[in-house]
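First the structure, in the form of structure tokens, and then the observations on it.
The values are calculated or read from the model by the stated rules, or taken from the named source; none is laboratory data. All values reported here derive from a predicted model rather than from experimental measurement. Neighbour counts run over all protein chains shown; Cβ positions are idealised from the backbone, glycine included. We work out accessible area using only protein heavy atoms, side chains counted, and drop any ligands, DNA or RNA first. Shrake-Rupley method; radii C 1.70, N 1.55, O 1.52, S 1.80 Å.
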Amino acid sequence: MSKRILIVGGGLAGTITANGLCRQLGSALGKGEVSITMLGTTDQHMYQPGLLYIPFGTMREDELFRDQRKVLDRRVNFFVDPASNIDVENNRVETHAGMSFGYDYLVIATGSRIVPEEIPGMAEGAHWFYDLDGARKMRQALEDFDGGKIVVNVNAPHKCPVAPLEISFMLYHHLQKRGLADKTEITYTYPIGRLHALEPVAHWTSAEFDKYGIKSETFFNAKSVDPAAKTIESEEGSTLPYDLLVTIPPHRGAEVIEASDLGAGGWVPTDRHSLNREGSSNVFVVGDTTNIPISKAGSTAHYEADTLIDNLTSLVLEGRTARPYDGKVFCFVETGMDSATYVWFNYETPPNPGPPSKMIHWSKLAYNRLYWLSARGLL
Amino acid sequence: MSTTTIDARGSYCPGPLLELIAGLKLISIGDEIEIWSSDQGSVKDIPEWIAKVGHQMGETTEQDGYWSIRIIKSK
């Protein structure tokens, strides 16, 4: 009987997994021994890291999108019909349109979402770039900005953990170019007692911030925003005034995860090596959706997906898994408008970022284009 | 009182304290988080943050290669 692989979620993690499985299982797909089905929320695939460039006008909106059908291997049965309930006891997924899909293997790749509404006043008083609508509004706010106090506020949990640093450096250089750097004070706030979760990145950032006169406040977790008074207050009792508030809002996983009772906050308890949902040998979790204590980032999704493709292929063809996920994460860090560095680490190897260079910046710009090969499973 | 365990051993990013901050948002006042960290720095930075915010520290114990730190959500 044909083995049915069902992938819930059509973001980067789900898409790489689907395309990689098509490549590895090509022969079995051709013989009808296996089928791959994806349930997505939209017919468009968005390059999320590109949102960082939208507020500065250095990337066009249409450069962020491709038709999901064209990104996906044609052998994937793709439905724009989000899951409404995931029943792991009965191996069945219900959808918003009322369809019902059974599976032999399930891949949960439902991702994460921003929830600024969880902090009073934040949705009304702050700007962000973590979704397209927010990035558009921030672009307008930046165009209207003619100097004053900018607060870059970071909240937990959030994905793409270097993006808050990147936006701070890019804001500085953008305003310098417009002749506004001397009229602007940028203050960066971070939830823990240093400037970034990664200690070497925090040390490096501290020196870079000093160079540009970017101020900072650590142990700052937003409690509320007062849009009328233009202030942001922290759980730790500090209040900062702002003229422009740029926030990295807190995140949650997809609503369907909580609705299906699969994990608090929308994060599915996941074995850090096998990527199995805890308690389910035929359910795998990949990308932001896991509760694994590593960065929620595109590269994490990519490396997890690579592992999952090998393991699912081996399971379908040979009844065994191939290899454990080693926790690998790799992130480019834009350090201005024309320089960048990178950092990588895994469960065993601590991060150690090198000095920024133009070459690494160009590599990141190249990756902005190569992403589509990555999503197709070719890179 | 219910207890949620967060296994943050080997976590470089986001790291144990950010995992704890995120976890506290998902539990009710009076409930407890037991966080496991293999970073000795957690023994210092978690109590430091807890004192600033006003939650309650529970027991900290050294296990085999990691620390177990208990926190009760108080506000």
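Brief remarks follow.
- Area projected by the alpha carbon convex hull of chain A, averaged over all directions, nm²: 18.4 nm²
- Relative contact order, whole percent, for the range A:116-250 stands at 37, derived from Cα pairs under 8 Å and 6 or more residues apart.
- Accessible area of A:F332 in the full protein assembly, 1.4 Å probe (Å², nearest 10): 50 Å²
- Long-range HN-HN contacts of A:I186 with modeled amide H, under 5 Å: A:I150, A:K215
- Alpha carbon centroid spacing (whole Å) that separates the range A:118-178 from the range A:77-99: 35 Å
- Under 12 Å from the Cα of A:K230 - aspartates and glutamates, other chains or at least 8 residues apart: A:E124, A:D243
- Rounded percent of accessible protein surface that carbon and sulfur make up, the range A:116-250, 1.4 Å probe: 46 percent
- Accessible-area composition of the range A:20-63, carbon plus sulfur, in percent [1.4 Å probe]: 45 percent
- Straight Cα distances below 19 angstrom link A:K3 to the lysines A:K31, with same-chain residues fewer than 8 positions distant left out.
- Interface residues of the range A:271-301, defined as those with an accessible-area decrease of at least 50 Å² between the chain by itself and the complete set of protein chains (probe 1.4 Å), are A:R272, A:P293.
- Relative contact order of the range B:3-72: 34 percent, from C-alpha pairs under 8 Å at least 6 residues apart in sequence.
- Buried surface between chains A and B: roughly 2000 Å² of accessible area, summed over both sides, computed with a 1.4 Å probe on protein heavy atoms only.
- Geometric extent, Cα atoms of the range B:3-72 - Rg, Dmax (angstrom): 10.8, 30
- Percent antiparallel among DSSP beta bridges (both partners in the range A:116-250, rounded to 5): 30 percent
- Per residue value of the accessible surface for the protein assembly as shown (all protein chains in place, 1.4 Å probe), Å²: 41 Å²
- For A:A297, net neighbour charge (Lys/Arg +1, Asp/Glu -1) across residues whose Cβ lies under 12 Å away: +1
- Delta accessible area of at least 40 Å² on complex formation, residues of the range A:193-217, 1.4 Å probe, chain isolated as reference: A:A197
- Percent of beta bridges antiparallel (DSSP, chain A, rounded to nearest 5): 45 percent
- Fraction of the pair-distance distribution of the range A:137-188 above 14 Å, Cα-Cα pairs, percent: 55 percent
- Reduction of at least 20 Å² in accessible surface, 1.4 Å probe, comparing all protein chains with the chain by itself, residues of the range B:13-27: B:C13, B:P14, B:L17, B:L18, B:E19, B:I21, B:A22, B:K25, B:L26
- In chain A, helices alone account for a calculated mean residue ellipticity at 222 nm of -9000 deg cm²/dmol, with every DSSP H run of four or more residues adding -39,500 (n - 2.57).
- Within the straight-line cut-off of under 21 Å between alpha carbons, the lysines reachable from A:K177 are A:K137, A:K149, A:K211, A:K215, A:K358, sequence neighbours fewer than 8 places apart in one chain being disregarded.
- Relative contact order, percent, chain A [alpha-carbon distance under 8 Å, six or more residues apart]: 19 percent
- Antiparallel DSSP beta bridges within the range B:3-72, percent to nearest 5: 70 percent
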